[in-house]
Amino acid sequence: MISDKTPTPLGAEEAKLFRDVCQAAGYTSPRLEERFGLLVPPPGDRLPAELSAGLDQNATPFDVLAKAFFLGTAVDAETANALLPTGLIDACRQCGLWIEDGTDYRPTALVVPVGTALLASDLQRIEYQDDERFVPALCDAALHLHAVAIRQRVGKTLDLCSGFALHGVLSCPHSETVVASDLNPRAEAFARFNAALNGFTNLRAVTGKLFDAVKGERFDLILANPPFVISPDAVTTFRFNPIELDGFVRQMLSQAVDHLEEGGILQTICEWVEMEGQDWKDRLRGWLADSGCDVWILPANRQFPASYARNALAQTISDEAELAAEQNKWENYFREQGVEAIQGGFLFIRRRAGENWFDVTQLTKPIRQPIGDAIARGFSDRDLALNDDGDALLASRLAVANGLRQVETSHWKEFRWQRDSIVLHLDDGLPVSIGVDEYVRTLLETFDGSRPVSECLDLFSQNVGLAIETGRKQGTAMVRSLLKNGILVATGR
Ligand SMILES: C[S@@+](CC[C@H](N)C(=O)[O-])C[C@H]1O[C@@H](n2cnc3c(N)ncnc32)[C@H](O)[C@@H]1O
């Protein structure tokens with residue numbers, strides 16, 4: 001059973017001590033990944049023995065912190081007292097992060113490092129998963145949203161469906177104010193604890209359904225990792241979409257529009273369905289038609305109902321018979337609803353007066369490093385590539401992105417090399433791999449940032465022997481696509 005209690009916020013000095021001790025002990029995400037092969041805490045009630053093996057022998061401060069606050073297991077009090085400062089031991093006890101249990105300290109919550117922050121949440125346990133009071137710890141979806149989050153200086157940021165307020169806390173350094181809002185009152189308490197733990201005073205934690213607790217407020221940035229798993233049971237938990245199919249995400253997006261400042265951006269990670277006989281892009285375009293927002297969708301994976309159901313259910317059900325029965329129920333539901341596949345990825349919207357654009361970028365590999373700057377640039381590049389009647393694009397100066405890689409394959413036939421393909425890869429920022437032909441390669445070589453696009457296109461026409469008008473027309477379409485994909489970048493000159 002989840003306890004109703006949550007840790008009480010630490011004072012500024014105790015919080016600093018906590019952070020300093022973690023830093024000195026090397027209790028950081030790279031070290032956790034190196035030690036356990038994990039960035040995300042494993043479920044404590046299904047903990048493989050090998051994970052905690054060796055932590056007790058010749059224990060270090062890192063071992064004690066990792067055992068208690070990453071694995072969520074009890075630590076020997078004598079060892080902890082010997083290795084950690086007394087001030088930290090007392091602070092953990094007083095705020096309720098751990099309790100004395102015989103000769104052990106037993107954690108009541110996890111405290112997980114993400115980047116430069118430390119985030120407390122409930123213990124990670126499978127048995128808690130579908131309890132509506134559960135405040136989950138760091139998960140992969142949260143890390144993915146964190147990786148794409150735009151980290152530019154803004155006025156107001158909203159962490160919507162905030163849970164333990166990872167996105168809110170990490171937004172504090174670049175936002176004047178941050179609001180973290182969640183349906184679950186225990187999430188509000190954890191958000192407050194985490195703001196204090198990280199030394200931030202500009203985060204306000206509130207409780208309410210979707211935007212209910214921020215009525216009338218507008219934001220420059222909204223980050224949301226909502227409950228998006230699509231299931232036959234419309235239940236409210238931290239992970240299941242409580243409205244038919246992907247209805248919750250749709251509702252969130254339509255309400256978000258009124259909470260965005262002009263130029264304000266919402267970034268969400270979510271799932272949506274592909275209905276039989278309907279292009280999923282048309283369906284999502286319909287959600288936001290006439291919303292006054294640009295829409296940028298980045299699909300990352302697509303699953304058929306059977307594998308989707310199995311993957312989602314296997315996270316909590318280990319009994320094969322139960323799993324098979326539930327999977328059957330889910331598959332029947334998807335069949336009855338006419339669902340062909342389920343897609344997952346990112347959905348970004350930006351409120352902007354004028355003619356809005358809608359664009360889709362298929363992600364070709366997982367995003368691990370923070371690429372918020374590339375996402376922000378992706379919006380401005382799309383304004384130029386998708387919105388413009390051509391004049392601004394022709395007058396702009398573009399250059400080939402640094403680090404662009406070209407992989408060319410050929411085969412030997414009849415006394416010479418015959419080219420099979422030229423593929424361009426961008427590894428920094430948004431990962432991109434696109435096949436191009438000799439024409440595009442020749443076109444690219446004219447972009448050194450020194451001349452306007454119009455001159456590059458004329459040079460290209462000369463180089464390949466095309467009439468200037470034809471070269472400009474064909475070249476402009478190529479430039480739009482290369483700019484959208486980040487292969488060409490605006491130089492700002
Ligand atoms: C997938 S968790 C994400 C938590 C956290 N933001 C993260 O990235 O790890 C979804 C959160 O949405 C909250 N939630 C569920 N239904 C909600 C609703 N109708 N309005 C606001 N929050 C809701 C849950 O309590 C849960 O904390």
**Item:** Sorted largest first, extent of region 224-283 alpha carbons per principal axis (Å)
**Value:** 36, 31, 16
**Request:** Taking 7 Å along the Cα-to-C-beta vector as the label spot, tell me the Val235-Gln406 distance in nanometres, rounded to one decimal.
**Result:** 5.6
**Request:** At 10 °C and 1.306 mPa s, grab the translational diffusion coefficient of region 391-490 from Stokes-Einstein with a Kirkwood Rh over Cα pairs, rounded to a whole number in µm² per second.
**Result:** 112
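From the helices alone, meaning DSSP H stretches of at least four residues, give me the mean residue ellipticity at 222 nm for the chain, per-run term -39500 (n - 2.57), in deg cm²/dmol to the nearest 500.
Values: 18 runs with 177 residues, N = 493.
Computed mean residue ellipticity for the chain: -10500 deg cm²/dmol.
In nm, what is the difference between 0.36 nm times the number of residues separating Arg441 and Asn202 and their Cα-Cα distance?
The span from Arg441 to Asn202 would gain 81.1 nm if fully extended.
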**Item:** Positive-end residue, the chain charge dipole about Cα centroid, Cβ charges, pick of Leu488, His259, Gly345
**Value:** Leu488
**Request:** Return a whole-number percent for the relative contact order of region 111-190, with Cα pairs under 8 Å and 6 or more residues apart as the contact set.
**Result:** 28
**Asked** Roughly what percent of Cα-Cα pairs across region 124-182 reach past 13 Å?
**Response** 63
**Complete:** Shape descriptors of region 294-382 over alpha-carbon atoms, Rg and Dmax in angstrom, are 17.9, 55
**Item:** Integer Hz, Karplus 6.51/-1.76/1.60 couplings in order for region 302-311, x for Gly and Pro
**Value:** 9, 10, 7, x, 5, 6, 4, 4, 4, 4
**Item:** His167, His144, His425, ranked by accessible area, largest first (probe 1.4 Å)
**Value:** His144, His425, His167
**Prompt:** Using a 1.4 Å probe, what is the accessible area per residue for the chain, in Å²?
**Reply:** 44
**Message:** Please list Arg186, Arg419 from largest to smallest accessible area, probe radius 1.4 Å, with all protein chains kept in place.
**Reply:** Arg419, Arg186
**Prompt:** Given a cut-off of 30 Å, what percent of all Cα-Cα pairs of the chain lie beyond it?
**Reply:** 54
**Asked** At Asp4 and Thr116, where each label point lies 7 Å from the Cα along Cα→Cβ, what is the point-to-point distance in nanometres?
**Response** 3.9
**Complete:** Note on the chain, DSSP bridge orientation, antiparallel percent to nearest 5 equals 70
**Request:** Using R₀ = 22 Å, calculate the FRET efficiency as 1/(1 + (r/R₀)^6) where r is the Cβ-Cβ separation of Asp140 and Glu50; round to 0.05.
**Result:** 0.55
**Message:** Using the Cα atoms of region 72-185, I'd like the radius of gyration and the largest Cα-Cα distance, Dmax, both in angstrom.
**Reply:** 16.4, 49
**Complete:** Taking Rh as the Kirkwood radius computed over alpha-carbon pairs of region 242-362 and applying Stokes-Einstein at 20 °C with viscosity 1.002 mPa s, one gets a diffusion coefficient in µm² s⁻¹ of 137
**Request:** Could you point to the residue in Thr236, Thr28, Gln474 farthest towards the positive end of the chain's charge dipole, with +1 and -1 charges on the Cβ of Lys/Arg and Asp/Glu respectively?
**Result:** Gln474
**Asked** Just from the alpha-carbon atoms, what are the Rg and Dmax of region 117-387 in angstroms?
**Response** 18.2, 55
**Asked** Using Cα atoms only, what is the angle between the long axis of helix 453-464 and the major principal axis of the chain, expressed in degrees (0 to 90) to the nearest 10?
**Response** 60
**Request:** Place a label point 7 angstrom from the Cα of Ser481 along the Cα-to-Cβ direction, then list the residues of region 359-379 whose backbone nitrogen is under 16 Å away.
**Result:** 360-362
**Request:** For the chain, calculate the relative contact order in percent as a whole number, restricting contacts to Cα pairs under 8 Å that are 6 or more residues apart.
**Result:** 11
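How long is the gain from Asp389 to Arg31 if the chain were fully straight, where each residue apart is worth 0.36 nm and the alpha carbon distance is subtracted?
Stretched out fully, the Asp389 to Arg31 stretch lengthens by 123.8 nm.
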**Message:** With a 1.4 Å probe and all protein chains kept in place, how much accessible area does Tyr105 have, in Å² rounded to the nearest 10?
**Reply:** 10
**Request:** Using only Cα atoms, tell me the angle between helix 12-25 and the longest principal axis of the chain; keep it within 0 to 90° and round to the nearest 10.
**Result:** 70
**Prompt:** Taking the Cα-to-Cβ direction at Asn463 and at Ser433 and moving 7 Å from each Cα, how far apart do the two end points lie in nm?
**Reply:** 2.5
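The values are calculated or read from the model by the stated rules, or taken from the named source; none is laboratory data. Note that the coordinates shown come from a computational prediction; the quantities given were computed from them, not determined experimentally. FYI the Cβ positions are ideal-geometry reconstructions off the backbone, even for glycines, and counts take in every protein chain you see. Quick note on the areas: whole protein, heavy atoms, side chains included, nothing else; ligands and nucleic acids left out. Shrake-Rupley method; radii C 1.70, N 1.55, O 1.52, S 1.80 Å.
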